1. So which trypsin sites (Lys or Arg not before Pro) in region 177-281 end up in coil per DSSP with only 10 or fewer other C-beta atoms within 10 Å?
2. For HIS280, HIS201, what ranking results if the residue with the fewest other Cβ atoms within 10 Å of its Cβ goes first?
3. Quick check for you: which residues of region 31-69 have the amide N under 17 Å from the point 7 Å beyond the Cα of GLU77 toward its beta carbon?
4. How compact is region 68-182 by the rule of thumb for globular proteins, expressed as Cα Rg over 2.2 N^0.38 Å?
5. Relative to the longest principal Cα axis of the chain, at what angle does helix 46-59 sit, 0 to 90 degrees, rounded to 10?
6. Rounded to whole Å and sorted largest first, list the principal axis extents of the Cα atoms in the chain.
7. Please grab the % of Cα pairs in region 4-121 that end up more than 21 Å from each other.
8. Find how many whole Å separate the alpha carbon centroid of region 25-82 from the alpha carbon centroid of region 84-108.
Amino acid sequence: MTRTIYVNGCYQPYNNALLHVEDRATLFADAVYEVVEVKAGKLVDQDAHLERLERSLSEIKLVTDFSIKTIPFIIRESIRRNRVKNGYVYIQVSRGSGQRDFIFPSANETPATLIIFARSKNPLKLDEKSKKGIKVITHPDLRWKRPDIKTTGLLASVLARQTAIEQGAEEAWLYNEDKFITEGAASNAWIVTKQNELITHPANQSILKGITREGVIRLTKELDLTYIERPFTIEEANDAKEAFITAATNLVMPVTQIDEKSVYDGKSGPISLKLREIFHEFAQISY
Ligand code: PDD
């Protein structure tokens, strides 16, 4: 089966799915994106992801000549053509291609570029990983000051994640100048205190307001857990009873080591695992 990728109105065979060299995504990272989980052929929290895409577009003042309402049809078709049962869909909108210029091109002459692809991922591997948990390292948050906008300008996150991998970890927890953890390179960061309080950074301009994070906040109400939205320090993280990350590509993933310090004796914590287990029961599932 040849994979196909949607690029500006056409489903192209994988090897021919090309962007123009002067696409503003490549020249300026002048583009925003979303990643939506596909589970058993269905989409998890698609509406929330598309709402966030609209917000990102509006924050970077990108006006598209197509309606966001058409995207679910393309997503469905991409899943069908690529026979994706479990995995994810990637959606990217850039401010089109044209002569390299810092000034916005006119939306009439330079239509936005829309790319959508669907990829399979083995969910069993992730579940296995969640039983063991993952190691994270702490790393300075070197990103621009608007990580609440989901742009493709991800170099600082790429470098932080790579440093984590080189140190035998899977994610980097980014900390600001005051040594507060903001979030992961591509996930939100959580701790559970010894008093069983779930703590994560407020969804202000310093972090991306994760859709999985929102789902977990709903779950804390269902499970009668205390949820507190406030920044936490590296020291607090080292002292936490449990820790985990959330992202559409990981769901709730227990953290069992932060730098050199074990969390929950190096095992996946029960609260993190419970949240992972019931996450989909409370998510919005669409066809
Ligand atoms: N990243 N914070 C950052 C910086 C992220 O890049 C992501 C997701 C999240 C979690 O958001 P959500 O729960 O909506 O996936 C938080 C995606 C998965 C990625 O870039 O691949």
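FYI, it's all coordinate maths here, none of it is from the lab. Since the structure is predicted, the reported quantities are computational estimates derived from the model, not experimental observations. With ideal geometry, Cβ positions are generated from the backbone for all residues, glycine too; neighbour counts draw on all protein chains shown.
1. LYS194
2. By the 10 Å Cβ count, ascending: HIS280, HIS201.
3. Under 17 Å, as judged by backbone N against the label point of GLU77, lie 65-69 of region 31-69.
4. Numbers: Rg = 18.6 Å, N = 115, 2.2 N^0.38 = 13.4 Å.
Here the Cα radius of gyration is 1.39 times the empirical estimate.
5. Helix 46-59 and the main axis of the chain meet at about 70 degrees.
6. Largest to smallest, the principal-axis extents are 57, 40, 34 Å.
7. 36
8. 11
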